[in-house]
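Okay, so here's the structure we're looking at.
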Amino acid sequence: MKLNPQGSKLLQGAFILSAAAIVSKLIGTLQKIPLQNLGGDAVFGIYNTVYPLYTMLVTVAMLGLPPAISKFVAEASAGGDEAEGRRVLRLSAILTAISGLVIGVLTYAGAPVIAGWVGNSHIIPALHTSAWGLAVVPLMAAMRGYFQGLHNMVPTAVSQVVEQSVRVIVMIALLLYLTRNGADAANIAAGALLGSAGAAPQGCLSCCCSGGATAIRSLPYCRTLHPNYPPPLPRLRQVDSPASARRLGAGGTKAPKPGSCSPTGCRSCWGH
């Protein structure tokens, strides 16, 4: 049975997301071994105490917007209203960025209070470093929701793999550095959680850049990051001879006088 284009695209998107999830999980398993072996039980315990709290706060900061963004963008795309989809992205990006910043600041400032609730003051440095990631991850989730609404799963998949890879690399590098310099368990765990904060901007940028021209038109700061910005001018067709110029002029465009152009041609001798 032959699938219609929409069904084929849906299956392709599901395959891309599944493959990205598998790769991300495989990369994520690499962090457990060095975290336990290099940091020890104390570091491993602090990390496992703070990371679930970090993921919960990220979920709160996202305000449940990514699925709603996908829905509204998909409806706008089906109606041919691309501007409405970009407007949804801009508004949701502002909301998630504000909520992430607010929750990040509250987490950083309230780290002693949270540590008191948990009953372990050693988690305060880890809470401080994880607060930085809260300012960026909700924005990245909003961008993923936007591209999923456009049935483009590549930016989501790329950002997942990049984010996980950077997180593991930064975490292992900081573990090696801090353990060799004799840092205590609290600071080593904080360095391990700093990998999540450092990976969030990279995941956001990779999602933006892999989105291509759509992201460039939607978010202003993506314009300077994308390698194809500024967008190329449309290809133009040069009129090679005065006869061609007169034929072009017969279609409603005034023909230039023969010999009035430079050898490289001027704007009056170019047509779309």
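We did not get these values from a lab; they are worked out from the coordinates using the rules stated. If you're wondering where the values come from, they're calculated on a predicted model, not measured in any experiment. For neighbour counting, all protein chains shown are included, and Cβ atoms are generated from backbone atoms with ideal geometry for every residue, glycine included.
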Pairwise FRET efficiency - L10 versus S121, Cβ, R0 = 51 Å, nearest 0.05: 0.55
Order of S130, S121 - criterion: other Cβ atoms within 10 Å of each residue's Cβ, fewest first: S121, S130
